[in-house]
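The values are calculated or read from the model by the stated rules, or taken from the named source; none is laboratory data. All figures in this text were calculated on a predicted structure; none of them were measured in a lab. Cβ coordinates were reconstructed from backbone atoms using ideal geometry, including for glycine residues, and neighbour counts include every protein chain displayed.
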């Protein structure tokens with residue numbers, strides 16, 4: 001029995017040991033396969049990272065190309081927009097646009113120096129408004145016309161002038177919104193505006209000229225297109241805290257030429273030019289043209305087609321004559337201003353008041369040397385065309401044979417001794 005058990009145990013042990021060896025071999029084989037898979041996985045990971053980096057670089061390159069294409073497209077769109085922008089709202093109407101609204105236009109001409117501007121177009125009639133509405137708050141100050149402000153438009157001034165030039169009619173509104181801020185009191189103007197040519201203008205109407213402490217407004221519409229747009233505003237005094245004023249400048253609004261009118265102008269342009277040339281030739285044969293006005297000088301002004309020099313040195317009249325004779329420069333002969341119409345006198349006085357604010361007398365080119373009380377122009381001895389004497393003047397007899405104009409006298413004429421010093425020079429080009 002014992003022997004049998006030993007034999008059985010030996011057999012079992014052999015079987016177990018044999019199976020153990022086989023299992024160990026299989027485990028070793030499995031480990032080798034795992035190691036091989038890990039090596040392959042590592043190699044694949046390296047290839048993946050390399051491909052990923054290459055793809056990232058490729059995408060960055062594509063994005064750069066796309067950005068460059070976007071810039072070029074934007075530039076192309078900008079050029080295209082400029083080329084297709086019309087010169088006026090009327091041109092848009094002729095192209096078939098019927099929707100009133102805001103459009104880009106280029107009044108100075110396509111692809112010229114100035115960029116297109118935004119305009120409000122009434123279509124299809126072509127009514128054009130540019131410049132928008134500007135509000136200027138008047139600041140408190142104590143002197144007459146002491147507050148001054150240029151009008152800043154959101155479009156180039158050159159485009160506004162081009163629109164005016166090629167339009168049939170233009171207008172612009174200026175309004176004072178006031179609280180105890182008059183445009184005029186006791187005969188003195190407290191508000192003025194300057195046109196595009198430098199001329200001064202006062203406000204008409206009296207809505208703000210009241211002592212009632214209530215808000216009011218006073219508006220003027222300027223329809224003389226040759227002086228538009230409004231360039232500057234002046235106001236003063238505005239002293240008290242309870243006073244206030246806002247100046248509102250409306251947009252520049254223009255109407256186009258009718259097509260029939262344009263055709264007539266085109267058809268007759270050559271004939272008109274020829275007629276003008278013939279007239280000029282006839283005139284120039286006997287009357288050479290006036291020399292150009294040297295407006296580059298700081299005290300020289302072109303007013304109503306006439307050339308003037310203003311000077312603040314006080315002299316007696318003979319010295320003023322000598323000064324005026326050479327005031328315009330070499331080869332240009334001047335003389336003391338001889339007022340020959342009220343319109344020219346008013347235009348000159350408006351500019352003089354800016355030059356010498358507060359007023360000072362200036363000599364007039366008139367005298368009554370030949371016959372007491374009969375006033376004549378100095379240059380040609382002809383009788384004066386009109387007079388603007390202060391009440392009670394002339395009144396000082398034979399020794400007062402010259403005259404001056406003074407703002408303290410209400411801008412009226414006053415007779416005066418010719419040898420008396422103290423008046424400024426207002427010269428005109430002969």
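Tell me whether region 169-188 contains one or more residues that are within 15 Å of the chain's Cα centre (by Cα), on the phi < 0 side of the Ramachandran plot and modelled with pLDDT of 95 or more. Yes, because at least one residue in region 169-188 is within 15 Å of the chain's Cα centre (by Cα), on the phi < 0 side of the Ramachandran plot and modelled with pLDDT of 95 or more. For region 375-401, the set of residues classified as under 19 Å from residue 311 (Cβ atoms) and over 45 Å from the mean Cα position of the chain (by Cα) is empty.
For region 155-168, the count of residues that are assigned to a loop (DSSP other than H, G, I, E, B) and free of Cβ contacts under 8 Å to residues at least 60 places away in the same chain is at least one. State whether one or more residues within region 335-353 are touching a helix residue (DSSP H, G or I) at 6+ places or on another chain (Cβ under 7 Å), more than 30 Å from residue 203 (Cβ to Cβ), surrounded by 11 or more Cβ atoms within 10 Å (Cβ to Cβ) and modelled with pLDDT of 95 or more. The answer is yes, given that some residue of region 335-353 is touching a helix residue (DSSP H, G or I) at 6+ places or on another chain (Cβ under 7 Å), more than 30 Å from residue 203 (Cβ to Cβ), surrounded by 11 or more Cβ atoms within 10 Å (Cβ to Cβ) and modelled with pLDDT of 95 or more. For region 358-374, the candidate set comprises residues that are in a loop (DSSP other than H, G, I, E, B) and closer than 18 Å to residue 309 by Cβ; within that set, the residue that is modelled with the lowest pLDDT is 360. For region 117-127, the condition holds for no residue, the condition being that it is part of a loop (DSSP other than H, G, I, E, B) and touching a strand residue (DSSP E or B) at 6+ places or on another chain (Cβ under 7 Å). Does region 381-396 include one or more residues that are under 24 Å from residue 333 (Cα atoms), at pLDDT 90 or above, surrounded by 15 or more Cβ atoms within 10 Å (Cβ to Cβ) and in contact with a strand residue (DSSP E or B) (Cβ under 9 Å, 6 or more places away or on another chain)? Yes - at least one qualifying residue is present in region 381-396.
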